[in-house]
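Structure, as structure tokens:
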Amino acid sequence: MMFRYLKNNLGWILVWVLASLPILIWLLMKPLSLRFENSSLIFRSLGQLAGLLGMALLSLNFILAARFKFLDRWFNGLSLVYQKHHLVGGLAFGLLLFHPTFLILQFLLVSLSAAFNFTFLFGSWPLFFGKLALLIFAGLLVITFYLNFKYNVWKNTHQYLGLVLFLGGIHMLFIPSDISNNALLKFYMVALALLGAISYAYRVLFSLYRKKEFRYELKEVKKIKENVFELKLSPLGPKMSFLPGQFVFLRFETGGPLAESHPFSIASSPADQYLSLGIKNLGDYTAQIQNLKPGLICRLEGPFGVFSYSKGFAKNQIWVAGGIGITPFLGMARDIAKSKNDYKIDIFHSIKNASEAAFGDELSQLAAQNANIHYYEHLSEQKGFISADLISQKIANLKGAEVFLCGPTGFMKSLKEQFINLGLTRAQIHSEEFSL
Amino acid sequence: MTKKFVTTSIFVLLALVLGVGVVSLLNSKNTGTAQNQKTISDSANLSPQTMLSLTELQKHNSNQSCWLLISGKIYDVTSYINSHPGGSQAITFSCGQDATEAFNTQGGQGSHSKSATAMLADFYIGDLNQTVNVVTPPASNSASQTSQSGSGRFRGGDDDEFDD
């Protein structure tokens with residue numbers, strides 16, 4: 001149990017170990033009593049701690065954003081990496097805001113003019129760079145947390161955070177402080193910042209990830225429903241190997257919105273002739289899909305994700321899809337039908353009404369041809385929301401099954417809780433987070 | 001949760017920065033003088049007049065009353081001893097003496113920052129050998145020992161920051 005926890009959370013544990021090390025060094029550098037002797041020193045120490053932890057987390061966050069394959073493994077799925085990135089980013093920002101807050105309070109204990117001078121006057125270049133870094137950080141994160149920019153516009157602004165790491169790093173290196181006075185701490189903090197900077201250069205500055213992309217040609221755009229399409233792709237170079245249920249980042253070698261990179265679940269089996277993606281028109285980018293013509297070249301980055309039936313440990317599985325969340329299951333079902341293995345699957349597709357049942361025809365057919373696959377459609381407009389209760393009525397041995405969920409976040413969260421209430425453990429329930 | 005933490009940190013810092021800015025502006029309007037101007041006025045005073053001689057300086061040589069002579073100016077840094085980032089001993093080592101060298105070279109480690117030098121001005125009580133009005137006598141007789149208020153108070157300039 002403990003081992004499994006470690007394995008699934010290796011990345012997250014590592015983040016906290018790396019971020020806590022500077023705190024440990026700081027604590028051991030001087031006797032604690034000296035650090036917290038009076039209110040002035042208390043504020044100063046709190047300011048230093050906030051700065052250290054904030055800067056460490058900020059540096060690590062650039063690694064989390066670089067979409068490295070090893071992150072997919074260490075965090076049990078890339079979508080979880082992004083969740084953590086969001087959390088770590090907010091934490092780092094908040095901590096780095098408390099850094100000057102505590103220092104201003106420390107100066108206030110001396111005098112109002114001391115606090116005024118510290119806050120508003122130039123002081124020195126290292127101090128100035130620190131203030132500038134924080135201002136830019138604040139601007140960019142206000143955009144991220146509070147303003148609702150369009151995705152590609154937001155993404156453009158977010159990339160300027162590299163500047164914050166750079167300016168913050170200079171501030172950290174040159175401001176007279178515990179870091180500048182202690183070689184070990186200095187070395188460590190600079191090393192962390194450099195790791196962050198390298199990740200940033202890899203991802204944003206030089207786009208080195210592109211060397212590992214797979215080039216595919218669009219062979220067919222098949223209309224499944226009014227706003228759901230299946231893209232069939234054929235490799236122009238090396239074929240990408242993947243597990244059914246994984247996802248890729250897709251971008252087209254063309255100008256305009258189609259050049260943006262977006263994640264989609266693979267809807268085909270590795271044994272299929274074409275690699276296919278199931279896409280629903282949900283926003284600016286996906287609205288362009290219907291304009292795609294065969295012959296267009298695209299790049300695939302990946303595969304990512306641990307959402308695959310073969311990663312489970314039970315042969316009896318319950319797959320619950322909400323709307324277009326059916327796509328990874330389609331790939332998995334096609335794979336099981338092709339490989340004729342001994343998995344027993346009950347697929348529940350929850351959609352508003354029949355017109356939304358994308359790939360329903362094909363799945364019904366697969367179920368008809370394969371005794372070990374059952375396919376049920378749940379029309380929520382008629383029957384209300386799908387529930388774990390309703391599902392359990394069709395399952396012989398619920399507690400021995402493994403559940404896979406894919407759909408809107410609220411949908412998955414609710415079902416997860418319901419299955420836990422029915423006696424399943426967290427380890428038996430897998431979900432693929434599509435959005436943050 | 002993350003968002004709440006972020007919102008809180010933004011508000012706290014913003015409130016602090018605005019507070020410091022606004023109160024400082026109001027203060028400078030009220031006193032009519034710049035924050036770091038502390039020239040002592042004068043005659044119509046009931047307190048004894050003291051000449052800031054070297055002998056007088058040497059009397060203020062402890063934690064309870066600590067004066068420093070830096071570049072010809074006398075500073076009462078008693079209340080600051082515990083706030084000194086370089087440690088209290090770095091200051092008490094020089095109490096009652098000429099600390100010009102120590103201050104200018106930051107104890108041989110470099111030099112003090114501009115903000116530190118600006119902060120020093122707040123503790124100025126007069127030039128060497130200038131005669132000023134000092135409210136309470138030096139430490140050896142002093143009963144007030146609180147670390148914040150110190151024992152040497154002076155007229156003129158604003159002593160608001162030591163009130164409360």
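The values are calculated or read from the model by the stated rules, or taken from the named source; none is laboratory data. Only a predicted model underlies this, so the values are computations on that prediction, with no experimental measurement involved. As a convention, Cβ positions derive from the backbone with ideal geometry for all residues, glycine included, and neighbour counts pool all protein chains shown. The area values use the complete protein model at the heavy-atom level, side chains included, leaving out ligands, DNA and RNA. Shrake-Rupley method; radii C 1.70, N 1.55, O 1.52, S 1.80 Å.
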About the Cα centre, charge dipole magnitude for the protein assembly as shown (Lys/Arg +1, Asp/Glu -1 at Cβ), debye: 2240
Unit charges at the beta carbon, dipole of the protein assembly as shown: most positive-side option, A:VAL17, A:HIS374, B:THR131: A:HIS374
Top positive-direction residue, dipole computed over chain A with Cβ charges, set A:GLY283, A:MET189, A:PHE68: A:MET189
Net charge contributed by nearby residues that have their C-beta within less than 11 Å of A:ARG44 (K/R +1, D/E -1): -1
Estimated inter-spin distance, B:SER28 and A:LYS69, nm [label 7 Å along Cα→Cβ]: 6.0
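Carbon and sulfur together cover what percent of the accessible area of chain A at a 1.4 Å probe radius?
Working: 12510 of 20000 Å².
Taking all protein chains in place, chain A shows 63 percent carbon and sulfur surface.
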1.4 Å probe accessible area per residue over segment A:105-212, in Å²: 53
Helical contribution to [θ] at 222 nm, DSSP H n ≥ 4, -39,500 (n - 2.57), averaged over chain A, rounded to 500: -16000 deg cm²/dmol
Backbone HN-Hα couplings from phi across segment A:259-276 [Karplus 6.51/-1.76/1.60, Hz, Gly and Pro as x]: 7, 5, 9, 9, x, 9, 6, 7, 9, 10, 8, x, 7, 6, 5, 10, 8, 10
In nm, spacing of pseudo-spin labels at A:TYR209 and A:SER33 (7 Å Cα→C-beta vector): 5.2
Amide H within-cut-off set for A:TYR375, under 5 Å, with H built and near neighbours excluded: A:ILE347
Shape of segment A:344-436, Cα gyration tensor, a/c cut at 1.5: oblate
5 angstrom amide H check on B:LEU128, placed H, neighbours 5+ away: B:LYS73, B:ILE74
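Among residues other than A:LYS150 whose Cβ falls under 13 Å from its Cβ, what is the net charge (Lys/Arg +1, Asp/Glu -1)? Present the calculation step by step, with values, prior to reporting the outcome.
Details: positive: A:LYS155; negative: A:GLU260, A:ASP284.
Residues close to A:LYS150 contribute a combined charge of -1.
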Reachable lysines, given that their alpha-carbon falls under 25 Å from the alpha-carbon of A:LYS30 and they are not under 8 places away in the same chain: A:LYS186
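Past the 28 Å Cα-Cα mark, which pairs from A:LYS311/A:LYS338; A:LYS338/A:LYS394; A:LYS84/A:LYS212; A:LYS69/A:LYS223; A:LYS7/A:LYS340?
Cα-Cα > 28 Å for A:LYS69/A:LYS223; A:LYS7/A:LYS340; rest within.
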Rounded accessible area of A:GLU226 (nearest 10 Å², 1.4 Å probe): 130
Contact order relative to length of chain A, as percent, for alpha carbon pairs under 8 angstrom and 6 or more apart: 12
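Run the dipole for segment A:336-388 about the Cα centre, Lys and Arg Cβ at +1, Asp and Glu Cβ at -1, nothing else charged, and hand back the magnitude in debye, nearest 20.
On the way: 5 positive and 7 negative charges, 32 e Å.
Computed about the Cα centre, the dipole is about 160 debye.
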Rounded accessible area of A:TRP319 (nearest 10 Å², 1.4 Å probe): 0
Pairwise burial B:A, computed as accessible area of each alone minus the pair, summed, 1.4 Å, Å²: 2900
Phi-based couplings in Hz for segment A:277-284 (Karplus 6.51, -1.76, 1.60; Gly and Pro marked x): 10, x, 10, 10, 6, 10, x, 3
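Which of rounded, prolate, oblate describes the protein assembly as shown, given a ≥ b ≥ c as roots of the alpha-carbon gyration tensor eigenvalues and a/c under 1.5 marking rounded, otherwise prolate only if a/b is larger than b/c?
Details: a/c = 3.23, a/b = 2.95, b/c = 1.10.
Since a/c reaches 1.5 and a/b is larger than b/c, the shape of the protein assembly as shown is classed as prolate.
Counting only complete DSSP H runs, which helices of chain A cover 27 Å or more along their long axis at the Cα atoms and score a mean Kyte-Doolittle of 1.0 or above?
In chain A, the long hydrophobic H runs are A:10-29, A:39-64, A:78-110, A:125-146.
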Segment A:1-144: C-alpha gyration tensor shape, a/c 1.5 cut-off, then a/b vs b/c: oblate
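Rolling a 1.4 Å sphere over the protein heavy atoms, what is the accessible area per residue of segment A:242-375, to the nearest Å²?
Values: 4740 Å² over 134 residues.
With all protein chains present, segment A:242-375 gives 35 Å² per residue.
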